[in-house]
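Only the coordinates and a few stated rules stand behind these numbers; no lab work does. Small disclaimer: the values here were computed from a predicted structure and weren't measured. A quick note on method: Cβ atoms are made from the backbone with ideal geometry, for glycine too, and the neighbour counts reach across all protein chains shown.
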Amino acid sequence: MPIPSHAEETELSRMLYHHAETRLQYVRTALEAAAPALAIAAESLLATCLAGQRVYLCPQPGTEALAEHTASLLLRGMVQPRPGLPVVLLRPLPEEGAVCMQQIGSLAAPGDTLLAFNGPRTDGLKGLIDTARLHDMRLILLGGPVSKEVASHLQENDLVIQLDTPCPTSLHEAALAAVHTLCDALDHRLLGLA
């Protein structure tokens with residue numbers, strides 16, 4: 001394979017820089033719009049943990065890695081090491097399909113929080129919302145825009161952190177940045193840094 005010339009390399013560099021700038025702008029815009037909801041989510045998660053309740057992380061199809069990363073940050077801390085928070089990362093059982101309703105039903109207690117990650121597919125999300133309601137859990141939904149059908153199941157006290165971006169890759173990047181922002185805010189509150 002021939003080595004690109006300096007002129008070709010410069011053109012490629014410009015194209016990559018422009019592409020990166022565009023994607024970063026998508027993420028920046030999504031986070032700016034979601035900032036008030038992220039602040040409420042941080043306070044809600046903190047209140048749940050300080051009250052001795054649990055936070056259940058429930059990934060939807062396509063968000064498993066994001067949920068794992070979030071669990072890791074909540075357990076070990078992001079700013080500096082600290083005691084882990086009472087976080088449970090749920091995995092769908094084979095007979096449960098895409099959601100973890102049966103596990104929530106057997107583990108959750110009133111006052112616990114369900115942090116659900118909304119991916120491009122919303123299979124079973126309505127049932128998950130109903131399950132959280134049935135067990136008197138606080139619901140936080142983080143991800144892309146929700147359909148009208150899913151939105152019709154939400155109630156006023158449910159928190160939706162909606163990240164609206166024009167493409168799936170920038171949605172993933174925005175969701176990762178939102179999780180980092182959320183965990184950073186929690187650590188600063190827990191460690192007395194803010």
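When you look at Gly127, is it surrounded by fewer than 19 Cβ atoms within 10 Å (Cβ to Cβ) and closer than 20 Å to Gln155 by Cβ, yes or no?
yes
Would you mind stating whether Leu66 is under 12 Å from the mean Cα position of the chain (by Cα), on the phi < 0 side of the Ramachandran plot and not in a strand (DSSP E or B)?
Answer is yes for this residue.
Could you identify the single residue in Thr122, Thr131, Thr165, Thr169 that is assigned to a helix (DSSP H, G or I), more than 14 Å from the chain's Cα centre (by Cα) and under 23 Å from Ala30 (Cβ atoms)?
Thr169
Among the numbered criteria (1) buried (at least 17 other Cβ atoms within 10 Å of the Cβ); (2) without any contact (Cβ under 8 Å) to a residue 60 or more places away in the chain; (3) closer than 16 Å to Gly119 by Cα; (4) polar (S, T, N, Q), which one does Ser147 miss?
(1)
Since Ala37 meets every condition but one in (1) out of contact with any helix residue (DSSP H, G or I) (no Cβ under 6 Å at 6 or more places or on another chain); (2) in contact (Cβ under 8 Å) with a residue 60 or more places away in the chain; (3) surrounded by fewer than 16 Cβ atoms within 10 Å (Cβ to Cβ), which condition does it not meet?
With respect to (1) out of contact with any helix residue (DSSP H, G or I) (no Cβ under 6 Å at 6 or more places or on another chain); (2) in contact (Cβ under 8 Å) with a residue 60 or more places away in the chain; (3) surrounded by fewer than 16 Cβ atoms within 10 Å (Cβ to Cβ), Ala37 is out only on (3).
Which residue is farthest from the chain's Cα centre (by Cα), if the candidates are limited to the stretch 147-162 and must be closer than 20 Å to Arg28 by Cα and among the hydrophobic types (A, V, I, L, M, F, W, C)?
The selected residue is Val160.
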